[in-house]
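Structure record follows, encoded as structure tokens.
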Amino acid sequence: MLLVIDVGNTNTVIGIYDGDVLKYDWRIRTIRDSTADEFNVLANALFSDKGVIRSDIEKTVISSVVPSAVPILNAFCEKYLNLTPLWINADSVKQLMPILYHNPDEVGADRIVNAVAAYKKYQTCLIIIDFGTATTFDVISEKGEYLGGAIVPGVMISAEALSQKASRLPRVEIFKAPEKVIGKNTLDSIKSGIIYGNAAMVDGMVERMTSEMKASPRILATGGLAPLISGLSKTIEAVEQSLTLEGLKIISNKIQMG
């Protein structure tokens with residue numbers, strides 16, 4: 001079996017593959033100041049609940065945008081799984097996808113992994129929108145090249161910043177859009193601005209990127225709030241919630257095959 005881990009700024013996603021089948025997956029809060037032993041306690045609880053036997057895990061592949069997670073997960077894998085994890089970066093996928101950034105090392109590992117998985121599945125030009133701590137746009141050419149993208153503050157960051165910087169505006173929970181764009185109270189007005197505003201931003205960015213590409217890309221969404229925003233967007237065509245885990249599996253298989 002293959003253990004895949006994607007460490008984001010807010011959440012960490014963990015998956016167990018048996019061959020090409022994603023058997024189990026979990027989403028937990030990213031812990032920045034943990035130890036390998038503490039992470040092992042958490043992993044043991046997750047694995048035990050699903051009957052995962054540690055000795056069946058033959059390989060581990062990890063992507064991370066949190067530097068402090070690297071020594072923790074390295075130590076966990078080596079101490080408790082007797083494995084040295086494969087860490088994903090631009091160099092590790094150069095045979096799978098050319099990274100046409102000025103400095104490929106600047107591209108987040110999660111963005112690279114998403115791009116590899118999406119192109120493997122769709123085999124065409126793409127715009128991938130990941131609704132995480134930041135909302136990222138990743139653009140893939142018809143030939144499978146990573147062209148670049150855009151980064152904007154994430155939906156939850158926007159909501160938190162608004163309540164922190166505007167003393168009379170409350171913090172709101174972003175789970176469901178109000179029925180109408182024109183809010184009749186403060187809470188609905190904030191929700192409308194953040195949710196419908198982000199959907200409109202997505203559509204505007206997609207329109208500009210598509211024009212710049214001079215192509216007709218498929219538009220995909222992933223990340224925790226992808227289902228919410230995609231339902232209000234005019235341009236998002238599909239939600240791929242397991243995109244990052246699938247990309248880690250694809251890269252692992254490719255490297256294993258040489």
Bins of 10 Å from zero: percent of alpha-carbon pairs in segment 183-254 | 18, 36, 30, 13, 3, 0
Using the C-alpha gyration tensor of segment 99-245, what are the square roots of 5 times its eigenvalues, in whole angstrom, with the largest one first?
-> 29, 16, 13
Mind pulling the per residue volume of the convex hull built on the Cα atoms of segment 164-209? Å³ is fine.
-> 93 Å³
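Please list 214-220, 78-84 highest first by mean number of surrounding beta-carbon atoms within 10 Å per residue.
On the way: 214-220: 16.6, 78-84: 13.9.
The peptides rank, most packed first, as 214-220, 78-84.
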Name the residue, out of Val41, Val107, Val52, whose mean-square fluctuation peaks in a Gaussian network model built on the chain with Cα pairs under 10 Å.
-> Val41
What residues qualify as long-range amide H neighbours of Asn11, i.e. H under 5 Å apart, gap of 5 or more or another chain, H built at 1.01 Å from N?
-> Thr30
Counting only residues 5 or more places away or on other chains, whose amide H sits under 5 Å from the amide H of Gly148 once H atoms are built in the peptide plane?
-> Val139
Sorting Leu96, Leu3, Leu46 on the 10 Å Cβ count, fewest up front, what's the list?
-> Leu46, Leu96, Leu3
Residue-averaged [θ]222 nm for the chain, counting only DSSP H segments that reach four residues, each worth -39500 (n - 2.57) | -11000 deg cm²/dmol
Scan segment 129-195 for trypsin sites (Lys or Arg not before Pro) in coil per DSSP, keeping those whose Cβ has at most 14 other Cβ atoms within 10 Å, and list them by number.
-> Lys143, Arg168, Arg171, Lys176, Lys180, Lys184
Where does segment 2-87 land on Rg(C-alpha)/(2.2 N^0.38 Å)?
-> 0.98
Just for the Cα atoms in the chain, what are the lengths along the principal axes, largest first, rounded to whole Å?
-> 57, 42, 31
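Any read-out appearing in this document is the output of simple, stated calculations on the displayed coordinates, not a laboratory observation. No experiment lies behind these values; they were computed from the predicted model shown. Here the Cβ is made from the backbone with ideal geometry for all residues, glycine too, and neighbour counts use every protein chain on show.
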